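The values are calculated or read from the model by the stated rules, or taken from the named source; none is laboratory data. Please read all numbers here as calculations on a predicted model, not as lab measurements. Cβ atoms come from the backbone with ideal geometry, glycine included; neighbour counts cover every protein chain shown. The area values use the complete protein model at the heavy-atom level, side chains included, leaving out ligands, DNA and RNA. Shrake-Rupley method; radii C 1.70, N 1.55, O 1.52, S 1.80 Å.
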Amino acid sequence: RATNWRIALGEFALIFVGIIAALAEDDWNNQRLEREAEIETLQGIQSALKSDLEELEWLSEFFWMKRDVALALHAHLKAGLPYGDSLDTSFGAVYGFKESFLTRAAYEALRSKGFDLVSNDSLRVQIIRLYDEEYREVELVDERHRSTVMELYRPYFLERFVDIDFNNSATPLDYSALLRDQYFINLIEYRAAQLQFDTGPAYDSAAVRSSEVLVALNAELNGNHE
């Protein structure tokens, strides 16, 4: 029987269009699911950063306050000024330390899914740099901070101070001996320098970068990115 090529071509065209439509629908659905996964992941990072930023800003202020206390205490000791009860809070502040507890769970979730999940190239780079550079530097600063207090200050304070309240107060056993102890005066000066040139700047930088990433995240999630 003769083939009706017009009908055959029409059927072929319908099948071809149907396949293309199915593929397009499948592709659209995959893109939608990927976008939903991206939004969910970015929202998790956004929520974590809001909490982290509050802590970074608070700790930054805390460490700069400690720097000011250390500088004032160093000047007091260098001048050989007399002891007063208020100095106990200065000794305690210089001795103590705090560490950050930044949240990395949302970022690690992104890492496990693949960084390409973030479609905005600029935002992706910002997020990676924040966690892999800024957060890592804060962690290293915390390690140095803790090491200074535990290895240098703790042995000295346990031997020469009483009524030690970590971060808050410490009373010298013999204040006049402290005034004659150049090692202790140097310790106070070193502490002030560490806070000024290492700890404080690291927290300030991380807070600024976190704030910038939050702005970019808000723009992305609100559909205002370029």
Which percent of the accessible heavy-atom area of the chain goes to carbon and sulfur, probe 1.4 angstrom?
-> 54
Could you go through the range 82-95 in sequence order and give the Karplus-derived ³J(HN,Hα) for each residue, using 6.51 cos²θ - 1.76 cosθ + 1.60 with θ = phi - 60°, rounded to whole Hz, and x for Gly and Pro?
-> x, 7, x, 4, 5, 5, 4, 5, 5, 4, x, 5, 5, 6
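Where does the chain land at 222 nm, in deg cm²/dmol rounded to the nearest 500, when only DSSP H runs of n ≥ 4 count, each adding -39500 (n - 2.57), divided by all residues?
Values: 9 runs with 162 residues, N = 226.
After summing the helix terms and dividing by the residues of the chain, the value is -24500 deg cm²/dmol.
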Quick one: Cα centre-to-centre distance for the range 129-165 and the range 168-223, in angstrom?
-> 10
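Could you size up the charge dipole of the chain around its Cα centre, putting +1 on the beta carbon of Lys and Arg and -1 on that of Asp and Glu, and report it in debye to the nearest 20?
Numbers: 22 positive and 39 negative charges, 63 e Å.
Dipole magnitude for the chain comes out near 300 debye.
Relative contact order of the chain, please, whole-number percent, based on alpha carbon pairs below 8 angstrom and at least 6 residues apart. Write out the running numbers ahead of the final one.
Numbers: 188 pairs, mean separation 76.8, N = 226.
For the chain, the relative contact order is 34 percent.
Exactly which chymotrypsin sites (Phe, Trp or Tyr not before Pro) in the range 93-164 are in a DSSP loop and have at most 14 other Cβ atoms within 10 Å? Show your work: numbers first, answer last.
Values: sites: TYR95, PHE97, PHE101, TYR107, PHE115, TYR131, TYR135, TYR153, TYR156, PHE157, PHE161; in loops: PHE97, PHE101.
The qualifying sites are PHE101.
May I ask you to compute the full-extension gain from ALA219 to LEU173, defined as 0.36 nm times their residue separation minus their alpha-carbon distance, rounded to one decimal in nm? Intermediate results must be reported in sequence, preceding the final value.
Numbers: separation 46, 0.36 × 46 = 16.56 nm, distance 5.75 nm.
That pair, ALA219 and LEU173, stretches by 10.8 nm at full extension.
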Mean projected area (nm²) from the convex hull of Cα positions in the chain is 17.7
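Work out the FRET efficiency for ILE185 and GLU133 from their Cβ-Cβ distance, taking R0 = 45 Å, and round it to the nearest 0.05. Spell out each step's value before the answer.
On the way: r = 36 Å, r/R0 = 0.79.
Calculated value: 0.80.
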Whole-number accessible area per residue in Å² for the chain, which is evaluated in the context of all protein chains at 1.4 Å | 57
